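Presented below is the structure to which this report refers.
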Amino acid sequence: MKSPIWHPFTQHALCDEMTRIARGEGAYLYTADERRIIDAISSWWVVTHGHCHPPIARAIQEQATKLNQIIFAGYTHAPAEEVAALLLKLAPRGLDHVFFSDSGSASVEVALKMALGYWHNIGKPRTRIVVMQYSYHGDTVGAMSVGSRGVFNAAYGPLLFDVTSIPFPAKGHEQATLDALKFACRSETPAAFLVEPLVLGAGGMLMYPAWVLKEMKRICEASHVLFIADEIMTGWGRTGTLFACEQADVTADIVCYSKGLTGGALPLAVTLCRAEIFEAHYSKDRTRTFFHSSSYTANPVACAAAKANLDLWQHPKTRQRVASVARMQEEALEPFRTDSRFANVRRAGTIAALDLKASDAGYLAEVGPKLQAFFREQNLLLRPLGNTIYVMPPYCVTKADLDEIYGGIREAADALA
Ligand SMILES: *Cc1c(COP(=O)(O)O)cnc(C)c1O
């Protein structure tokens with residue numbers, strides 16, 4: 001029988017058999033018959049401290065019996081206020097306001113609407129968005145529009161709005177990126193430049209250095225183009241610092257956080273912005289209101305989870321864990337740097353990636369599903385992007401876990417390369 005549930009990014013005709021998970025603990029997932037699976041990709045990049053991390057689980061439990069939902073227009077609550085205050089304390093200096101939503105894609109839509117609303121409300125309407133090649137910003141129509149065009153969105157092409165794309169700053173070609181951004185900022189008077197800082201996730205775990213990020217911000221600032229950072233994946237320690245922008249000493253005008261915001265326990269997202277953006281909407285004139293909401297805006301239970309996560313980030317121990325995972329990842333990658341079956345062995349903080357040399361590359365590379373099936377057999381949750389294998393574990397991962405993960409990758413190469 002065909003699955004009654006339609007799963008995301010899943011071709012049911014090729015894979016109708018889902019692995020059913022009964023519980024999660026730390027870096028592990030367990031099936032009903034207690035088969036242990038190592039979660040090497042943090043369940044799609046969201047679980048940061050581990051599955052069912054006790055302080056977060058406790059915060060959820062407590063909040064769920066106190067206040068579990070409240071309209072957020074005209075009403076507020078302590079968990080949301082505490083999350084906003086802590087975010088503004090921990091995020092790069094210069095951000096002043098927090099808008100809540102419930103997914104990364106929604107937070108990107110909010111960022112775009114904030115940017116266009118800003119220009120509209122100050123009487124200098126601008127609508128063009130500049131993006132980077134290979135970017136991914138989500139799957140709603142606006143988020144798809146600012147993301148890389150390809151097989152994922154070919155069917156919806158006519159619905160997507162037009163954007164200006166600058167090349168990815170590949171090693172040795174950084175200047176071409178900066179020149180293209182400069183040109184776009186001068187010739188098109190865009191509303192904003194939207195970018196994933198340091199690592200382009202779904203685009204293939206492509207990494208670029210902090211100085212390029214810093215320079216891109218400088219160019220935008222010089223030409224009065226709003227700089228939007230999509231830290232949905234890169235935030236919460238993934239690149240080694242709490243947020244990737246810290247490494248370039250950059251404060252975006254607008255920034256999106258989600259995924260690890262609740263430690264991966266519940267869906268929640270935020271869009272932070274500078275005072276000018278809020279102030280452009282601040283008026284006795286009701287037509288200038290920021291017209292955006294979702295039913296579950298700032299859901300109290302999700303906010304309680306985020307508060308518990310933000311508390312964890314105030315402990316030096318959390319950052320020490322991140323540093324130690326980064327170190328272990330570097331050591332684990334070492335032998336692959338001289339393994340001729342792999343190319344582009346790379347790391348940014350706790351994220352490690354490497355490309356298995358295959359006759360075809362890209363997301364639909366034949367080797368992708370084969371690798372995935374192979375890892376499934378080995379009780380490893382890994383989900384290569386085509387021939388790109390990446391390891392993005394929760395921070396409770398141990399050296400023994402990493403040995404198992406990389407052992408599996410080596411065996412996969414033996415079997416498939
Ligand atoms: C996951 C992701 C999104 C979309 O977030 P959802 O919660 O899946 O909507 C947007 N941008 C980046 C960089 C992401 O990694």
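The values are calculated or read from the model by the stated rules, or taken from the named source; none is laboratory data. This structure is a prediction, so every number in the text was calculated from the model and none was measured. Counting neighbours? That spans all protein chains shown, and the Cβs are built from the backbone with ideal geometry, glycine included. Areas reflect the complete protein model, heavy atoms only, side chains present, ligands, DNA and RNA absent. Shrake-Rupley method; radii C 1.70, N 1.55, O 1.52, S 1.80 Å.
Some observations on this one:
- From the options 296, 282, residue that is open to solvent by 50 Å² or more (accessible area, probe 1.4 Å), over 30 Å from residue 224 (Cβ atoms), assigned by TED's automatic domain parsing to the domain that holds residue 63 and not β-branched (Val, Ile, Thr): 296
- Long-range neighbours under 6 Å by Cβ, at least six apart or interchain, first residue within 17 Å of residue 211 (Cβ to Cβ) within the stretch 160-176, second open to solvent by 30 Å² or more (accessible area, probe 1.4 Å) and acidic (Asp, Glu): none
- Residue in the stretch 145-153 that is among the hydrophobic types (A, V, I, L, M, F, W, C) and farther than 26 Å from residue 10 by Cα present: no
- Total residues in the stretch 57-76, condition β-branched (Val, Ile, Thr) and assigned to a helix (DSSP H, G or I): 1
- Condition met for residue 141 (open to solvent by 50 Å² or more (accessible area, probe 1.4 Å) and modelled with pLDDT under 95): no
- The listed residue being within 19 Å of the chain's Cα centre (by Cα) and either assigned by TED's automatic domain parsing to the domain that holds residue 98 or small (Gly, Ala, Ser) (or both), out of 248, 184: 248
- Residue in the stretch 36-46 that is assigned by TED's automatic domain parsing to the domain that holds residue 254 and open to solvent by 30 Å² or more (accessible area, probe 1.4 Å) present: no
- Of all residue pairs spaced 6 or more apart or on separate chains, those with beta-carbon atoms under 6 Å, a first member in the stretch 54-70 that is under 12 Å from residue 307 (Cα atoms) and a second member that is of a type in the set (A, V, I, L, M, F, W, C) and open to solvent by 40 Å² or more (accessible area, probe 1.4 Å) are 56/265.
One line per residue, one yes/no per condition, for (1) surrounded by fewer than 24 Cβ atoms within 10 Å (Cβ to Cβ); (2) within 15 Å of the ligand (Cβ to nearest atom); (3) in the same structural domain as residue 353 (by TED's automatic domain parsing):
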| site | (1), (2), (3) |
| --- | --- |
| 153 | yes, yes, no |
| 176 | yes, no, no |
| 180 | yes, no, no |
| 198 | no, yes, no |
| 203 | yes, yes, no |
| 209 | yes, no, no |
| 212 | yes, no, no |
| 229 | no, yes, no |
| 233 | no, yes, no |
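- Some residue of the stretch 256-264 being more than 12 Å from the ligand (Cβ to nearest atom), under 14 Å from the mean Cα position of the chain (by Cα), in contact (Cβ under 8 Å) with a residue 24 or more places away in the chain and buried (at least 24 other Cβ atoms within 10 Å of the Cβ): yes
- The number of residues in the stretch 77-106 that are among the hydrophobic types (A, V, I, L, M, F, W, C), closer than 25 Å to residue 138 by Cβ and assigned to a helix (DSSP H, G or I) comes to 8.
- For the stretch 103-131, a tally of residues being within 11 Å of the ligand (Cβ to nearest atom) and either closer than 17 Å to residue 290 by Cα or buried (at least 24 other Cβ atoms within 10 Å of the Cβ) (or both) returns 6.
- Condition met for residue 308 (touching a residue at least 60 places away in the same chain (Cβ under 8 Å), within 16 Å of the ligand (Cβ to nearest atom) and either of a type in the set (Phe, Trp, Tyr) or buried (at least 24 other Cβ atoms within 10 Å of the Cβ) (or both)): no
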